[in-house]
Amino acid sequence: MTLMLQSPSFALHWDPHPGTFCLESPGRSLSAFLGVEVVRRGHGVKLTTEEIAPTSAECHSLRDRHGAAEELEIHYQESEGLLFTARVRLYASRPFALVHLGVINKGPDVVHLRRFFLQTLPEQLKPTAAPLGFYRTGWQSWSDAGFVPAESRDYAPILPMKKLAGPMMHNAQTPWPGKIGRFWSESVGAVVTSNEALIAGGASLGEQFVQVGADLRPDAFKLVIQSQGDDVPVAVGEARASEWFYLEWAPFPNTDPLAQYAYTVARQMEIPLIRPAPTGWSSWYIFWAKVAESDVIDNLATAALLADELPLQVIQLDQGFERTWGDWTERNERFPHSLGWLAERIRGSKCSPGLWLAPLTAHPRSQIATEHPDWLLRDAHGRHVSAGLIGYSFLARALDPTHPGVEAYLHKLIRTAVEEWGYTYLKLDFLYAGALPGRRYNSTLTRAQAYRHALTIIRKAAGDKVFLVGCGAPLGPSIGLVDAMRIGPDTAPAWEPDVPRIFSFLKRDPGLPSLRNSLSNVITRAWMHGRWWINDPDNLMVRTKRTQLSEDEIITQVSLLGLTSGLIVFSDDLSQLPSEQRAVAAVLLPPLVEGGDALDLLQRDMPDRVVSPVACVLGNWQLVGLFNWGTSPRERELPRNLPGLNLQRDYHIVDFWNHRYLHLKRGEPLPKFTLPPHGCVLLSVRPVQEGPHLVATTFHISQGGEITAFENGNGSISISFALGRVAEGEVWLALPAPPKSASFEGNALPEEAFRAVAHGIWAVRFQIAREGTLHVCYGNHE
């Protein structure tokens, strides 16, 4: 008997013989079988719904975190001592299907869970067009993410790098890429055609690591979703379940194709309210591991002096204070006072103290490693598990977060940092070590569960008021436990990885520190921001000394960080930063842009068209960033697929950095811009309106988001600003007549404050002292 469920997005057909599921969507379909793989007495056992017969199947209605649903629940006959179950849910108001698998061990002995999986049948994955490529995202913060063309080979590092950096960058249980047309992604992936994207992944990500594999070769086209069991034991009578698998056809055009998926995960994992991101300063990218207490104090003093023009909320010490890696409560000679003393000085300057820690790794010769060898993660042969090459100097040890001693240590370390020392902002680095394969004290936990267990201890010890930033962290199991998450490799004061000439082939490695690699993930993981956490794009550097970055590369960095929002943390020596460069950085403050989308996210490996909507009391407009990632100048056209763009209307277009105005008239060709190598253009695009109205501002990268009120009078305009800092700039206005006079906070502006920008467009220049109201009279009005 064939059973069927229906939703506005899918028709589900289940055929008990041969045990396959068919999900049909208009013009598209996929047929798949489900299964589980275990190990018994050293031998693999695989059960699939093609091979085992059902004993019962029923459809019922329910409500869950996503709304009203229809569910098909199927129980299968015992086979190989295992009872397998499957559930498929369709939603009346959601465009996706969810699949959940379970198994009960009926005996006669313990089995070890390897994976649950959903796999399409041969020639039964049918989009409306041939696949063009695959969107994939890596295991943790530093892992590469982005689109890969179908006929290409995904990047795989050379063997030495696999051994040295592999434990950091790559999920050890996921196959390495490297074969043409065959790809793997962590948590979520997308098969991309010219008409749609098949979004597949895990709707829940806290218990097991989820992968999506795709073979895009025409003669072997298939998709698999799996959740890893890590060979944890399943006792006789015990039940285990998969994560919830997710399937959605996202039709094009679509400026945010992963939005439904991101929000589904947020609901499923019950993410708490995401708190606003603080702005701050970090010691790392200017003083590195040689930072001294005096460096922090000097920059704290400068931050206090510059607070009016560059208001920072957090001053963060980023590594370099420890005596040995892993012994985080022991200071070196560059820190004569306690870390509590430093935190008190930071609070005294009305900033929040921030501290970097790597609580799950240790140097082999650290006290924690030598005095507690039983805390260290070991492999099946009793050898230490490598946590990868750290600082190009040593192979770190990984702590076992399920060991009672490590649990107590994590709790005490975090409580010490928060309660005793007084730090309210913690950056937690190299967290992937908690999820490495190995023999754990608690062998019943998967790697994802063990890692999430450690992060839960840290979150509880820190308390809800402490702002936690994850870094080098497995993404899925971190959801809901960190306030911000690093979403790309380390940045650097260099565009490409700065490696010796003999290793120049490593310049293309997407995981090594460089501005290029950092910005790539800023774009390709922008869809996570504001949904799972605050995205951390890594630190911003605008200095012109002690850097290899060009002026165009600095502007590109500031523009992209402004468009995608996220955590804004500066890492220059503030006392050595010229006023011109401080002004470049200040346009990001306060954070007023909620986030951005790459219009070509599913078209190229490094998208070059980013759009961010801005909404305030004045209405809505778009910020558009066009980027040139190449090494020669390139011409870029205003995107035709810009959301809401109506070519039968007139538009104001303002080039933010060059202070250039363009009037796009209805029916005219779209404007084109010549971009320098590694450069960009940042535009605001807003419709021309009737009567006096705002065209742009130069105070803030949002070009008007700082305005809180705009009132039209009889021949006059009043505009209220809330910028939160002192800045000089311009407001550009469309006026029916030239301005005659203006005042800010009652103080008259001189005649030279006005200038003509274009026909009917006027600029008024003045200084804002955090907030205030501008009054402009035009025409014959006095």
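Could you run the Debye sum over the Cα atoms of the range 469-583, one equal point scatterer each and no solvent, and tell me log10 of I(q)/I(0) at q = 0.10, 0.11, 0.15 Å⁻¹, two decimals?
For the requested q values the scattering log ratios are -0.31, -0.38, -0.68.
Can you give the Kirkwood hydrodynamic radius of the range 540-613 from its Cα pairs, in Å with one decimal?
13.4 Å
Considering Cα pairs under 8 angstrom that are at least six residues apart, work out the relative contact order of the range 624-769 and quote it in whole percent.
For the range 624-769, the relative contact order is 20 percent.
Below 8 Å between Cα atoms, with a sequence gap of 6+, how large is the relative contact order for the range 97-165 in percent?
Dividing the mean separation by the residue count of the range 97-165 yields 17 percent.
Accessible area per residue of the range 541-674 at 1.4 Å probe, in Å²?
Averaged over the residues of the range 541-674, the accessible area is 43 Å².
Would you list, by chain and number, the lysines whose Cα falls below 20 Å from the Cα of residue 545, excluding same-chain residues fewer than 8 positions away?
Qualifying lysines at Cα under 20 Å: 290.
Over the heavy atoms of residue 406, what accessible area does a 1.4 Å probe trace out, to the nearest 10 Å²?
Number for this one is 0 Å².
Hey, how much of the P(r) for the range 273-344 falls beyond 19 Å, as a percent of Cα pairs?
Of all Cα-Cα distances in the range 273-344, 39 percent exceed 19 Å.
Rounded to the nearest 500 deg cm²/dmol, what is the calculated helix-only ellipticity per residue at 222 nm for the chain, with -39500 (n - 2.57) per DSSP H run of length n ≥ 4?
Calculated from helices alone, the mean residue ellipticity at 222 nm is -4500 deg cm²/dmol.
What does the charge count around residue 699 come to, taking other residues whose C-beta lies under 12 Å from its C-beta (Lys +1, Arg +1, Asp -1, Glu -1)?
Around residue 699, the surrounding residues sum to -2.
Could you state the accessible area per residue of the range 737-782 in Å², with a 1.4 Å probe and every protein chain left in place?
59 Å²
What are the GluC sites (Glu not before Pro) within the range 734-766 that DSSP puts in a loop, where the Cβ has at most 14 other Cβ atoms within 10 Å?
Loop-located and lightly packed - 745.
Once you order the gyration tensor axes a ≥ b ≥ c over the Cα atoms, which shape class does the range 572-632 get: rounded for a/c under 1.5, otherwise prolate or oblate by comparing a/b with b/c?
oblate
Using a 1.4 Å probe and ignoring any ligands, DNA or RNA, find the accessible area of residue 485 and quote it in Å² to the nearest 10.
Counting only protein heavy atoms, the figure is 0 Å².
Would you mind getting the accessible area per residue of the range 33-180, heavy atoms of the protein chains only, 1.4 Å probe, in Å²?
43 Å²
Along Cα→Cβ, 7 Å out, is where each label goes; now give me the distance between the ones at residue 63 and residue 412 in nm to one decimal.
Reported label-point gap for residue 63 and residue 412 is 4.9 nm.
How much accessible surface does residue 741 have with a 1.4 Å probe, in Å² rounded to 10?
50 Å²
Taking +1 at the Cβ of each Lys and Arg and -1 at the Cβ of each Asp and Glu, which of 575, 761, 656 sits farthest along the dipole of the chain towards its positive end, judged by Cα position relative to the Cα centre?
575
Give, in nm to one decimal, the length gained when the segment between residue 329 and residue 582 is fully stretched (0.36 nm per residue of separation minus the Cα-Cα distance).
Extra length available between residue 329 and residue 582 comes to 87.6 nm.
Principal axis lengths of the range 388-434 from Cα atoms, whole Å, largest first?
33, 25, 14
Is the C-alpha gyration tensor of the range 374-474 telling us rounded, prolate or oblate? Criteria: a/c under 1.5 is rounded; beyond that, a/b larger than b/c is prolate, otherwise oblate.
On the way: a/c = 2.02, a/b = 1.52, b/c = 1.33.
It comes out prolate by the Cα gyration axes.
Using a 1.4 angstrom probe on the protein heavy atoms only, could you order 191, 757 from most to least accessible area?
Final ranking, largest accessible area leading: 757, 191.
When Lys and Arg each count +1 and Asp and Glu each count -1, what net charge do the other residues less than 12 Å away from residue 222, Cβ to Cβ, add up to?
0
So if the hydrodynamic radius of the range 518-579 is defined as the Kirkwood radius over C-alpha pairs, what does Stokes-Einstein give as its diffusion coefficient at 25 °C and 0.890 mPa s, in µm² per second?
In µm²/s, the coefficient rounds to 196.
I want the local charge near residue 259. Using Cβ-Cβ distances under 14 Å, sum +1 for each Lys or Arg and -1 for each Asp or Glu among the other residues.
Net local charge, residue 259 excluded: 0.
Taking the Cα centre of the range 291-331 as origin and charging only Cβ (+1 Lys, Arg; -1 Asp, Glu), how large is the dipole, in debye to the nearest 20?
The dipole of the range 291-331 has a size of about 80 debye.
Percent of Cα-Cα pairs more than 13 Å apart in the range 429-477, please.
More than 13 Å apart: 57 percent of the Cα pairs in the range 429-477.
Given a 1.4 angstrom probe, I'd like the percentage of the accessible area of the range 1-111 that is carbon and sulfur, rounded to a whole number. Kindly include the intermediate steps, with their values, before the conclusion.
Details: 2360 of 4780 Å².
Heavy-atom surface of the range 1-111 belonging to carbon and sulfur, 1.4 Å probe: 49 percent.
When the accessible area of the range 672-782 is computed with all protein chains present and a 1.4 Å probe, what percentage of it is carbon and sulfur?
The nonpolar share, carbon plus sulfur, comes to 46 percent.
Let me spell out the model: positive unit charges on the Cβ of Lys and Arg, negative unit charges on the Cβ of Asp and Glu, origin at the Cα centre of the chain. What dipole size does that give, in debye rounded to 20?
So the dipole magnitude of the chain works out to roughly 980 debye.
Are there any helices in the chain, counted as whole DSSP H runs, that stretch 24 Å or more along their axis by Cα and score at least 1.0 on average by Kyte-Doolittle, and if so which?
Span-like helices, by this rule, are absent here.
Looking only at Cα atoms, what is the convex hull volume of the range 690-782 per residue, in Å³? Don't skip to the answer; put the middle values down first.
Details: hull volume 8.3 nm³, N = 93.
Hull volume normalised by residue count: 89 Å³.
Could you pull out the trypsin sites (Lys or Arg not before Pro) across the range 385-480 that fall in loop regions by DSSP (anything but H, G, I, E, B) with no more than 16 other Cβ atoms inside 10 Å?
Hits after loop and neighbour filter: 465.
Rounded, prolate or oblate, given the Cα gyration tensor of the range 83-222, with a/c below 1.5 counting as rounded?
Here the range 83-222 falls in the oblate category.
If you roll a 1.4 Å probe over the range 538-648 with all protein chains in place, what percent of the accessible area is carbon or sulfur?
That share works out to 44 percent.
The values are calculated or read from the model by the stated rules, or taken from the named source; none is laboratory data. These numbers were taken from a predicted model, which means no experiment stands behind them. For neighbour counting, all protein chains shown are included, and Cβ atoms are generated from backbone atoms with ideal geometry for every residue, glycine included. Please note that ligands, DNA and RNA were not included when accessible areas were found on the heavy atoms of the full protein model with its side chains. Shrake-Rupley method; radii C 1.70, N 1.55, O 1.52, S 1.80 Å.
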